[in-house]
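See below for the structure under consideration.
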Amino acid sequence: MSIMVPSKTPALITPGRQALDSALHQLDQASEHLGLDDGLRTVLATPRRSLTVSVPVRREDGRLDVVQGFRVQHNVSRGPAKGGLRYHPATDIHEVTALAMWMTWKCALVGIPYGGAKGGVAVDPAGLTTRDLERLTRRYVNEILPLIGPEKDIPAPDVGTDEQTMAWIMDTYSVSAGYSVPGVVTGKPMTLGGSLGRTGATSRGVQITTLAALGRPPEGVTVAVQGFGKVGAPAAQYLADAGCKVVAVSDLTGAVYASGGLDVARLRTWAAETGGVSGYHHADALSHEDLFELDVDVLVPAALEGAITEANAPRIRARLIVEGANGPITPEADEILAANGTTVVPDILANAGGVIVSYLEWVQNMQAYSWSSGEIESKLRDLMANAFAEVKSLAAARGLTLRQAAHVIGVGRVAEAHQMRGLYP
Ligand code: NAD
């Protein structure tokens with residue numbers, strides 16, 4: 001485990017390092033519960049492959065920049081590595097490793113035949129032109145080319161990337177292969193082999209798990225959503241469509257509140273036209289901090305890691321938190337919330353809809369076949385509902401939180417795969 005744990009000098013404790021500490025803490029708890037031996041624990045705590053690359057980019061204005069990029073394959077015991085690609089200025093190797101580890105448990109938990117991976121480039125995409133982004137993406141892909149492929153490691157969109165990014169990756173990989181390889185990425189545009197239902201899949205999963213965890217009709221249930229991007233905005237929409245009252249949302253530009261409920265479709269149009277939710281006429285402005293402390297039934301953190309810490313957890317009034325984002329709650333905050341009786345539907349369960357439909361997209365690509373949106377929706381619902389029921393029943397049987405139960409199932413399946421395969425040579 002020493003390979004994974006760098007210096008604890010305060011200056012080096014980045015948000016990414018905190019995310020990795022959280023992921024390792026959750027793994028420790030699950031390993032203890034499962035009674036895994038030290039050797040297997042170390043295997044599970046250690047990424048299989050980590051690549052750090054320097055990506056030179058000639059900017060449109062003539063400048064030459066060099067940015068750092070990462071690709072981490074945490075585990076491949078159950079199938080090819082799978083995970084998103086993040087463009088964010090604060091991303092680092094620790095954050096990418098944590099996100100890759102969560103992907104491993106998530107894929108095992110929902111029963112799809114993948115290991116976990118993640119990629120990152122330490123850059124602010126908002127500061128780049130489209131042409132710069134394309135050059136950066138193609139060069140980054142070229143640097144990590146030996147690692148990826150439809151049978152090896154399949155990237156997908158995450159924070160700061162989208163279906164256009166995936167199209168550039170697919171093209172760069174295909175040019176190198178000499179033929180079109182749609183299965184190298186998921187979350188692609190439909191014209192390149194994307195799947196029906198992929199765009200809103202993560203959010204659909206958030207809706208499914210929220211309704212399952214509520215255990216009562218959604219009509220009038222109040223919701224606040226932190227983050228109004230690819231996950232948060234459609235999640236707010238789907239929850240409103242189901243009958244919930246979405247009273248507050250936030251993004252980097254600010255937070256807005258309407259006690260009678262926001263018109264989510266209208267707010268999405270406003271955010272698309274103005275660049276964010278701030279200034280929306282039909283709601284009051286709210287501070288980012290106040291959103292967490294609203295007297296709502298459900299809170300959906302759908303931005304970044306470490307949003308809920310021991311500092312704000314005691315003031316959270318929502319009885320149900322559904323993690324659209326990966327790692328939004330620190331372990332210290334988790335304990336406070338559990339002691340206060342707050343139910344947390346953990347990230348590896350709540351936001352698994354994205355990787356489930358990514359898997360369905362990949363299966364369609366590998367078979368050169370396509371399913372209808374109804375078929376996709378029904379497979380997504382089945383896998384999410386099964387995983388939720390398994391987690392809930394294990395938590396009840398063993399007195400665990402939903403996060404602990406989800407990790408026991410995910411980590412347990414990966415440990416079992418290692419034990420069955422044995423060690424080569
Ligand atoms: P995105 O870049 O599309 O959206 C992120 C949103 O969060 C933006 O609206 C941004 O303004 C907002 N935000 C950032 N910092 C904030 C802050 N401090 N306060 C309030 N809002 C803030 O990213 P995304 O794809 O929606 O991903 C969001 C989270 O969901 C990440 O944790 C990601 O790993 C996770 N996730 C994404 C997918 C996917 O399919 N895109 C799948 C599973 C999990």
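The values are calculated or read from the model by the stated rules, or taken from the named source; none is laboratory data. Just so you know, these numbers come straight off a predicted model, no measurement behind them. Glycine gets a Cβ as well: all are built from the backbone with ideal geometry, and neighbour counts include every protein chain shown. With ligands, DNA and RNA removed, areas are computed over all heavy atoms of the protein, side chains included. Shrake-Rupley method; radii C 1.70, N 1.55, O 1.52, S 1.80 Å.
Do the conditions hold for GLY111, that is, is it open to solvent by less than 30 Å² (accessible area, probe 1.4 Å), within 21 Å of the chain's Cα centre (by Cα) and in the same structural domain as ASN75 (by TED's automatic domain parsing)?
no
Taking the range 312-359 as the search range and keeping residues that are more than 19 Å from THR210 (Cβ to Cβ), within 16 Å of the ligand (Cβ to nearest atom) and touching a residue at least 60 places away in the same chain (Cβ under 8 Å), which one is least open to solvent (accessible area, probe 1.4 Å)?
Only one residue fits best here, namely SER358.
Mind telling me which of the residues GLY178, GLY193, GLY187 ends up being within 12 Å of the ligand (Cβ to nearest atom), at positive phi and either outside the structural domain of VAL55 (by TED's automatic domain parsing) or over 20 Å from the mean Cα position of the chain (by Cα) (or both)?
The match here is GLY187.
Going by the structure shown, is THR209 over 22 Å from ALA272 (Cβ atoms), open to solvent by less than 30 Å² (accessible area, probe 1.4 Å) and at pLDDT 95 or above?
The answer is yes for THR209.
I'm told PRO189 meets every condition in (1) open to solvent by 10 Å² or more (accessible area, probe 1.4 Å); (2) in contact (Cβ under 8 Å) with a residue 40 or more places away in the chain except one. Can you identify the failing condition by its number?
Every condition holds for PRO189 apart from (2).
Can you name every residue in the range 84-105 that is open to solvent by 10 Å² or more (accessible area, probe 1.4 Å), within 13 Å of the ligand (Cβ to nearest atom) and assigned to a helix (DSSP H, G or I)?
GLU95, MET103
Take ILE169 and decide whether it is away from the ligand (no atom under 14 Å from the Cβ) and buried (at least 20 other Cβ atoms within 10 Å of the Cβ).
yes
Among the residues of the range 214-238, count how many are in contact with a helix residue (DSSP H, G or I) (Cβ under 7 Å, 6 or more places away or on another chain) and of a type in the set (S, T, N, Q).
Qualifying residue count, the range 214-238: 2.
Given the condition under 27 Å from ALA233 (Cα atoms) and open to solvent by 40 Å² or more (accessible area, probe 1.4 Å), answer yes or no: does some residue in the range 137-150 qualify?
No.
What single numbered condition from (1) open to solvent by 30 Å² or more (accessible area, probe 1.4 Å); (2) of a type outside the set (Ser, Thr, Tyr); (3) in the same structural domain as VAL256 (by TED's automatic domain parsing) fails to hold for MET366?
So the condition that MET366 fails would be (3).
Only one residue in ASP263, ASP290, ASP251 is of a type in the set (Asp, Glu) and buried (at least 20 other Cβ atoms within 10 Å of the Cβ). Which one?
From the options ASP263, ASP290, ASP251, the qualifying one is ASP251.
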